[in-house]
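Take a look at the structure set out below.
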């Protein structure tokens, strides 16, 4: 079942926009506020830059944040997997499951 779309008025860079989304209006406002803040930071640092160029720089900054967060998530997942493998090696062989690696004894 699809949710109904909400029309949410937001302001980004001093311009008003109506955003239609199935997401909760509060979330849409939060996202818009984040984009507005990123744009404001760029315009504060570089007041002479045209609005459309500042928007591109803000988009690049936000995308960089996203990529760094994704990289961090992958690194955390790899560390957790390694820890799980280390812990699994401490379990008796019958309880290890399939994630355990390393030498395992078998009873013949």
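The values are calculated or read from the model by the stated rules, or taken from the named source; none is laboratory data. Quantities reported herein were computed from a predicted structural model and do not represent experimental measurements. Ideal geometry is used to build each Cβ from the backbone, glycine not excepted, and the neighbour counts take in all protein chains shown.
Sub-6 Å Cβ pairs linking a first residue in the range 62-91 that is within 30 Å of residue 39 (Cβ to Cβ) to a second residue that is at pLDDT 95 or above and surrounded by 10 or more Cβ atoms within 10 Å (Cβ to Cβ), at least 6 apart or interchain, are 62/38, ordered by first then second residue.
Tally the residues that are surrounded by fewer than 13 Cβ atoms within 10 Å (Cβ to Cβ) and part of a helix (DSSP H, G or I), restricting the search to the range 38-50. Residues flagged as surrounded by fewer than 13 Cβ atoms within 10 Å (Cβ to Cβ) and part of a helix (DSSP H, G or I) within the range 38-50 amount to 2.
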